[in-house]
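Please treat every number below as a calculation from the coordinates, not as lab data. Predicted model only: the values in this text are computed from it and were never measured. Every residue, glycine among them, receives a Cβ derived from its backbone with ideal geometry; neighbour counts consider all protein chains shown.
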Amino acid sequence: MRDLVLIVAVFLVLPAPSGRAQQPPAQRATGSVEGRVTAVLVDVVVRDKRGEPVRGLTASDFEVFEDGVPQKIGSFTLVSDGAVPAAPAVPVVTVTPGTELGSPPPVNSGPTVTALVFDRLSPEARRLAVEAAKNYLGTKEQTPDYFGIFSVDLALTPYAPFTRNARVLRQALDKMAGRASSQFSNPEEQQRKQNLEQAAAAARQGATPSSAGGPGGAPQMGTAAGDAQLAQMEANMIRDFDVMARNQEGYATTNGLFAIIGGMRPLPGRKSLVFFSEGVAIPPAVHRLFLGVIDAANRANVSIYTMDAAGLRAESEQGKIRDTVNQAGRRGIDTGYAQNTKTDAPLMKDLEKNEDVLRQDPHTGLGELARDTGGLLFESTNNLRQGFDRIENDLRNYYLLGYTPSNDTYDGHFRTIDVKVSRPGVTVAARKGYFAVRDPGGVPINSWEAPALGALEQKPVPNAFPVRAAALLFPERDRPGLAPVVVDFKTAPLTFAPAEDGKTYTSDFAVLVRFLDQQNQLARKVSQHYEVKGPIADLERARQGEVIFYREPELPSGVYTMETIVYDAPSAKSSVRFSTVEVPKVDPAALRMSSLMIVRRGEKVPEKDRRAENPFLVNDTVLYPSLGEPISKTSKEIGFYFVVYPGSGGPAPESVLQLLQNGSRIAEVPMALAAPDRSGRVQQVGRLPIDRLAPGTYELQAAVKQGGRQISRSTIVRITE
């Protein structure tokens, strides 16, 4: 998937073209599966005060609550030392395929599956983590269970596939020990930023009104106020780069974990993922994706065990955080910075940063990842072997509970799960909940997508505000299944509300597009979450904006149902559109043709922003599609666009343009094709006069012929006075 970002009206959004748009709220496509949440499977680990597994419990010892409501346990299976009893303690409920939330229950005993995942680590932390993994694997030629070894840095790198070959695993760990991690920022930079901020604060305290430039004036260089401004400028640069770097690190970590969990999902029973890290940076921009990782792990019955590879820390992370928060408070209060600069921005930024700072503590990110997936966090120790022993015990000794929720609707809300055991003095580890959406088929669900998916289950189909959506086909040589999608809607019906500070406005909405194949299985999904914030003075302007969402998914040949949802979070209102997309099987050596689209407008693109693979970029201009909007005769003409991909070794292609109404041809003209570009494509842009046409609905058709092969594409044009 490739993304293109442009500014439309007030909003940052993605531009593009589209195929056939469906304007009225389309009915649900035929063949869609209707259903309810019929079963939830929860694997539960029960430990005593010494951390040892508790065996011998029965179904009557457990209570399961969903959103605080007691649930009836419908199935109960004990897995003890890797063995599954022949018969469960209570009858197993019948579960309709594709509706259960959680991976299939284990059907027999056998080797367990564990992924060893190494985050960005310092050399000493890497040595400690690799040594612990080697010690656990031992010296035998074959391990009793399956292990895979992966690294998450700027990309996911597999070092060893899931195998029981201990020699292969040890070789992978040797490679892991010798690699270096990417590092955007370092302790020296952070210390320099802190020193600069302290210097700026001290200089401001000594500044006089005259050196500060007076009301509305700029501080004089060489004065205390000027020195303070320079120091603060450099500190801000380091801070802003650090924010961007941690965002990228957070995206890389979440995407890597998503991929590993998705690969493990089809395997039955409880699986484990051991994550070696020195702390997971989860800045606000990444936190929603982080919640999606937890949901994906819970659906796949993958428990995440996080190991703080920093070992025994010389300084408490909580102590560091306390000092950071206190320092921010002292700087704002002691210096009167807000009053001196006539803005409270620096103080507010520091206060807003506190939550971000807290998320850098291993207790926060690593703890949340482990706790909410039924795993554990191992920290403050240089002996990680005990962590591996605990993981092995958990994989071989757990209870699998199944229940049918009393609230069985797919509404997209998060349902909390709380498992209690009647026996005193024990601790219980189980996943904390799930998003009530239809089984996504192994594709992760982001937290902002769940409510939108819930809208798909509503009857009648919601249509709270106008939305246009479509897909086009561009069978490029290297991307024969390229099917760009575009969604267009106005912002006026969305919720824009003043924030609590009274100085800004906020808005929160999401766009989700899914493609389902003929078996109603999810083939592709693209989405975007928009959290919009701006000055309160711009509120009315924001309400008059337009959002154009654009992505470039690629699909195998076949027929798909395209589902488009726009969801406004504050009001919980949404609009849904359905359409059918057929991706033909193409021969790269034969004549091919894109969809035919009406051009809504064109926009010049600076050379630095031109993306050669963008199918809608013609020379220096990006063409925006019309998504079925009526066109007034006063426009006098309409533009159209399509791409021809000539077959190899044949004559030059020829083209004819036709205009039809009610199936009857009312005009036909031969059309000279443009010269091919460097890649051999013919990007054809033309204009059609409409000022003499009567209002009505027309079909514009373009046919291309090369040798004995002919292809045609058409689109609907609606003309008004």
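Less than 17 Å from a label point 7 Å out along the Cα-to-Cβ axis of E546: which backbone N atoms in segment 612-629 qualify, by residue? Backbone N within reach: 622-629.
Would you mind calculating the gained length between K459 and T139 on full extension (0.36 nm times residue separation, minus the Cα-Cα distance), in nm to one decimal? If you can, show how the numbers build up before the last one.
Values: separation 320, 0.36 × 320 = 115.20 nm, distance 6.03 nm.
My answer for the length gained is 109.2 nm.
Which trypsin sites (Lys or Arg not before Pro) does segment 535-617 hold that lie in a coil by DSSP with at most 14 other beta carbons within 10 Å?
Values: sites: R541, R543, R551, K573, R577, K585, R592, R600, R601, K604, K608, R610, R611; in loops: K585, R610, R611.
Answer by residue number: K585, R610, R611.
Quick check: from the Cα gyration tensor, does segment 380-478 come out rounded (a/c under 1.5), prolate or oblate? Cα axes put segment 380-478 in the oblate bin. In plain terms, the residue of D67, D81, D488 with the fewest other Cβ atoms within 10 Å comes first and the most crowded comes last, giving D81, D67, D488. Among the listed pairs K459/K490; K72/K432; K175/K608; K432/K525, those with a Cα-Cα distance over 29 Å are K175/K608.
From the square roots a ≥ b ≥ c of the eigenvalues of the alpha-carbon gyration tensor of segment 617-708, which class results: rounded (a/c under 1.5), prolate (a/b over b/c), or oblate?
oblate
In terms of surrounding Cβ atoms within a 10 Å radius of their Cβ, L78, L291, L627 rank from fewest to most as L78, L291, L627. In terms of surrounding Cβ atoms within a 10 Å radius of their Cβ, K705, K49 rank from fewest to most as K49, K705.
Taking square-rooted eigenvalues a ≥ b ≥ c of the alpha carbon gyration tensor, is segment 446-534 rounded, prolate or oblate, where a/c under 1.5 means rounded and, failing that, a/b exceeding b/c means prolate?
On the way: a/c = 2.38, a/b = 1.75, b/c = 1.35.
Cα axes put segment 446-534 in the prolate bin.
For T112, nonlocal amide neighbours, meaning residues 5 or more places apart or on other chains whose placed amide H falls under 5 Å from its own, are Y146.
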